[in-house]
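**Student:** One structure coming up, written as structure tokens, with questions to follow.
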Amino acid sequence: MPDSPRGVEAVLAKARAGLHRLTPTQARAAAARGALLIDTRTETQRAAAGELPGAIVIDRTVLEWRLDPSSGVNIPEAVSYDLEVVVVCRQGYSSGLAAASLREVGLWRATDMIGGFEAWTAAGLPVSAGPADVRR
């Protein structure tokens, strides 16, 4: 594929092309109707900026296994490939890649939040001091 676009920006654009990305307000509404709000920020990022109320924290390195209903190591909420999942990172970049990966696993309703946690706080949405619902 020598003529294919290269670099992380090309990969990110391809990942986002298949997503219906949500604004922070839309992500909050999705969580209110039962979507899983998944926070992939590091412990250091969460400690500095605060927790996302109602989110489940899953490390990016195990995200697909924890959300794949057939993995055998999935979280209890991951019961169906029809599950609505909204991935949130700090600025909305790695979450797009993560959501695309979840779609590859079969979670066809997976998406991410535009602008990440920083956009959430900029929109004036609530932040919590914790504790977070961390899943290992």
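Values in this text are rule-based calculations from the coordinates and carry no lab data. None of the values given here were measured: they were computed from a predicted structure. Cβ atoms come from the backbone with ideal geometry, glycine included; neighbour counts cover every protein chain shown.
**Student:** Calculate the spin-label point distance for residue 74 paired with residue 47, positioning each point 7 Å from the Cα along the beta-carbon direction, and give it in nanometres.
**Tutor:** 3.3 nm
**Student:** Separate question: For the chain, what is the calculated [θ] at 222 nm in deg cm²/dmol (nearest 500), taking -39500 (n - 2.57) for each run of four or more DSSP H residues and dividing by its residue count? If you can, show how the numbers build up before the last one.
**Tutor:** Details: 6 runs with 50 residues, N = 136.
Calculated from helices alone, the mean residue ellipticity at 222 nm is -10000 deg cm²/dmol.
**Student:** From the residues 58, 119, 35, which one has its Cα farthest along the dipole of the chain in the positive direction, the dipole being from +1 and -1 charges on Cβ of Lys/Arg and Asp/Glu about the Cα centre?
**Tutor:** Toward the positive end, the furthest listed residue is 119.
**Student:** Using the 10 angstrom Cβ neighbour count as an exposure proxy, how do 75, 38 rank, fewest first?
**Tutor:** Details: 75 18, 38 29.
Going from least to most buried by this count: 75, 38.
**Student:** Same structure, new question: In Å, the Kirkwood hydrodynamic radius of segment 1-62 over pairs of distinct alpha carbons?
**Tutor:** In segment 1-62 this quantity evaluates to 14.1 Å.
**Student:** Then there is this: According to the Kirkwood expression over distinct Cα-Cα pairs, how big is the hydrodynamic radius of the chain, in Å?
**Tutor:** Values: mean 1/r = 0.0669 Å⁻¹.
Mean inverse Cα-Cα distance, inverted, gives 15.0 Å.
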